[in-house]
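As structure tokens, the structure follows; a few thoughts come after it.
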Amino acid sequence: MKQKFDVTGMTCSACSAHVEKSVNKLEGVQHVNVNLLQNSMVVEYDKDKLGIQDIIGAVQSGGYGASVQGETKSQGAPKNVAAEEMKHMKKRLIASFCFLIPLFYISMGHMMGAPLPSILVGENNVMLFALTQLFLTIPVLIINKKYYVVGFQALWHKAPNMDSLIALGSVAAVVYSVFAIYAMAFYMGRGDGASAHHYAMELYFESAAMILTLITVGKYMEARSKGKTSEAISKLMDLAPKTATVIRNGKEQEIPVEQVRIDDIVVVRPGQSVPVDGTVIEGFSAVDESAITGESIPVEKQVGDTVIGATVNKSGYFKMQATRIGSDTTLSQIIALVEDASASKAPIAKLADKVSGIFVPTVICIALLASIIWFVAGNKPFSFALSIGIAVLVISCPCALGLATPTAIMVGTGKGAEYGILVKSAESLEIAHQVKTVVLDKTGTLTEGKPIVTDVVLAKGILRNHFLKQVAAVEELSEHPLAEAIVQYAKEREIDIPKGENLSATAGQGIEADVEGKHILAGNLKMMEEHNIDLGDFAEKATTLAEQGKTPLFFAEDGIFLGIAALADTLKPTSKDAVDAFHQMGIDVVMLTGDNKRTAQAIADQLGIHVVAEVLPQDKEREVRRLQEEGRKVAMIGDGINDAPALMRADVGIAIGAGTDVAMESADIILMKSDLMDAVTAVELSHATIRNIKQNLFWAFFYNVCGIPLAAGVFYPLFQWKLNPMFAAAAMSFSSAFVVGNALRLKMFRPRFAKAKVEQNTEAAKIQNSMQTPIEQKEEIKMKKVLKIEGMMCGHCTGRVEKALNDIDGVRAEVSLEDKSATVSLAKEVTDETLIQAVTDAGYEVVDISEQ
């Protein structure tokens, strides 16, 4: 069983390490993951051996608080814990500075030549000088008492943390300063003003107050930065609509979205957010899904289509039936995925965790040892040794170690969500940067997953529109996927499809039907041969198309060959770019598919990749395992149920968003869009995140390795370098803020290989009529014809077509780019073949001719 807990009282990585250690000791615990950044803990345990209260008790025995996540949430709007923490920290900070500033002025001002009140100056007033500092320090201690409560509690439980270091350091300064006041009083009572004055210079009240205040400054900066790291999750939560309009008892009523039930009829008007996941049952609209999938273009929705909660209805009114509500909605699952990934630990964090567990006790030992050595062997006064010990305690920063990994992971996974890339765990995000081989499924991953018409090869004298009209009429009578593709192709070209009749099918050959009095054959080469259709050299052309992985279909009309329509499952627009990007990153690409070898090889040749064809699901898994045995880190990208075993076997499984639920469950990374470039972005994001983590860990280790010896006085004998405890506290404060700030740089991540969207202006300025040589038609216009022409893209194109037609004797032409047509006025008899040939010679294609 897996359960998530909220943990209170943790302030640094030593705390999280101790909580993890305490829970791991329990019998029945299988795995514990404590997240310092989110103050949370996920425990996997055997519920037959262990209960929730046992886990909570183990945390409490370590000096921390714990509760099942969600149990302590109040009704109504959830509290913004980060905002409340910052607000409270800000108040503490302001109050601390109110006392610290006069304290610092009194204690240090005279050293900088600043004037002091006469009552605080001179040997006779040293007691007033000391007591004033004491009374200004006490409020700062009270304001920041949390460091003492948490720090000494952790020390009592033999699990010292960062607060323990701060508490020990500041208390040592205060206790010694109080001792100095007693010494001053002792010597003043005996008339020894010089000795009393000496101890007046040994006061460390300002150091204690400064340490506490500067640590609070660091904590405030850290809290602000940590709040920014979780912005991605906050933005996702803000997307969720608060209310929904449902139809109950025949009436529309607005209710809180939490009260929507499965099968409720929900009304969505233009501009409103879709409240829950569901299916459109009435109406039509364009829905903006960019917040969920990252797709910028609104998606058209009609009856039967699925709509996702938190997407925006841009236009149109529709009714939908709720199918998934509450935590089952796509948005809720995305939020859960991002939260889980943010809370998980990358393997690279294990070193920091191990160091954090022994870090604080080691620092305390170093501080004691350094103080003793300087006092005993260094022939230095006790105040010097004490300041060394305090500096060591307050400069060490376990926080930087603890925050190095989770901050980068949280920002990285949040950034991924912005691009429609959902990372299930930090481990998969780390492993992705080590991938050396990407294994791809073909259908639905590299290709569109459905056949489309790729080529139309026409017999001599046959116009495209006539061809499409006849063949679409026949194929409309069939339910075959290839037939549907041909009909769709004709409709996209606004072909008026006549009604076919008398359909008959011949197994293994094709179909035939009557269209407007003509008998049409539609099938393979065998059908044409059975009906003695003369194909000329078109059989060879069909073979060439087949070698390219396409399926050629032959068509004939009343025994005369019309042409060939070739169909194929084509590559997605970004597949080639994605494969090229992988190659540029030094990653090998292999395609695994159950398709036949010829089709698979044709796709592989286009992409320049290796291919293994005609494989079963278990063969895909076996191939991935073979690559792993060669020592490679393998990523598998797929979308179908047959890809699930390979996705599970791969070091990183990546599921394409439009795939099956089984593929989603098996994958480590989910791409919300069906765009292979997002897989490239995921690998790039992994590289950027791990690079950021390494930078953070380097800084955390480097800071402590350099800072602690400096504070301990290692460089004092050679260079007279001695670190003031106040500067040590300042350095410690800013080190953790630096780590978090560096992690925030990931927010500026931009995919290097993302395909640039180039907008092409199809309405270029037309060539002026003066550039043409107009043909003056003095003869009487006998006939007008309209030619439908494909291939014209700009004003230069229309100019070439116009010139080619106008060069024909007796022809005056006007070409329209918008209508893709040419209107020709004929002063004499000109055959259609002559007009077609002129346009063809100009580099364009006539698809239809009609008289006006």
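Cross-link partners for K90 among the aspartates and glutamates, with Cα-Cα distance under 18 Å and sequence neighbours closer than 8 places in the same chain left out: E222. Heavy-atom accessible surface of the chain, averaged per residue, reaches 47 Å², computed with a 1.4 Å probe.
With the charge dipole of the range 465-616 set up from +1 on Lys and Arg Cβ and -1 on Asp and Glu Cβ about the Cα centre, the Cα lying farthest toward the positive end among the listed residues L535, I486, T574 is that of T574. Across C794, C706, C15, the residue with the most accessible area heads the list, and the full order at a 1.4 Å probe is C706, C794, C15.
Computed from the C-beta positions of K49 and T243 and an R0 of 45 Å, the FRET efficiency is 0.50 to the nearest 0.05.
Which value at 222 nm does the chain reach when only helices count, each DSSP H run of 4 or more adding -39,500 (n - 2.57), with the total divided by all residues and rounded to the nearest 500 deg cm²/dmol?
Numbers: 29 runs with 404 residues, N = 852.
Taking each H run of at least 4 residues, the total per residue is -15500 deg cm²/dmol.
Matching the structure-derived Cα extents along the principal axes in Å against the labelled list (i) 107, 96, 57; (ii) 86, 62, 57; (iii) 135, 72, 65 gives the label (iii).
Which of the pairs K576/K620; K572/K694; K526/K572 have their Cα atoms more than 28 Å apart in this structure? Too far apart for the 28 Å limit: K572/K694; K526/K572.
Stretched out straight at 0.36 nm per residue, the stretch from M201 to Q69 would grow longer than its current Cα-Cα span by 42.3 nm.
About the Cα centre of the chain, how large is the charge dipole given +1 on each Lys and Arg Cβ and -1 on each Asp and Glu Cβ? Please answer in debye to the nearest 20.
I would put it at about 5380 debye.
Stretching S504 away from K436 to a fully extended chain increases their span by 19.1 nm, per 0.36 nm per residue minus the current alpha-carbon distance.
For K541, the aspartates and glutamates whose Cα comes closer than 13 Å to its Cα, not counting residues fewer than 8 places off in the same chain, are D455. In this simple spin-label approximation, T544 and Q302 carry label points 7 Å from Cα along the Cα→Cβ vector, and these lie 3.8 nm apart. An oblate overall shape is assigned to the range 559-634, the ratio a/c of its alpha-carbon gyration tensor axes (a ≥ b ≥ c) being 1.5 or greater and a/b not exceeding b/c. Pairs spanning more than 31 Å between alpha-carbon atoms, out of K415/K550; K314/K450; K301/K499: K415/K550.
Enumerate the residues in the range 473-517 having an amide nitrogen under 14 Å from the point lying 7 Å beyond the Cα of D558 toward its Cβ. Taking a point 7 Å out along Cα→Cβ of D558, the residues of the range 473-517 whose backbone N falls under 14 Å are 514-517.
Once you place label points 7 Å from the Cα toward the Cβ at Q259 and Q720, how far apart are they in nm? The two pseudo-label positions are separated by 7.8 nm.
Apply 1/(1 + (r/R0)^6) to the Cβ-Cβ distance of E790 and T323, taking R0 = 35 Å, and write down the FRET efficiency to the nearest 0.05. Write out the running numbers ahead of the final one.
Details: r = 43 Å, r/R0 = 1.23.
Here the calculated transfer efficiency is 0.20.
Counting only Cα atoms, the size of the range 101-224 along its three principal axes is 47, 30, 18 Å, in decreasing order.
Over every pair of different alpha-carbon atoms in the range 390-458, take the mean of 1/r and invert it; report that Kirkwood radius in Å. Intermediate results must be reported in sequence, preceding the final value.
Working: mean 1/r = 0.0593 Å⁻¹.
One over the average 1/r among Cα pairs gives 16.9 Å for the range 390-458.
The values are calculated or read from the model by the stated rules, or taken from the named source; none is laboratory data. Every value quoted in this text rests on a predicted model; they were computed, and no experiment measured them. Note that each Cβ is placed from the backbone with ideal geometry, even for glycine, and that neighbours are counted across all protein chains shown. We work out accessible area using only protein heavy atoms, side chains counted, and drop any ligands, DNA or RNA first. Shrake-Rupley method; radii C 1.70, N 1.55, O 1.52, S 1.80 Å.
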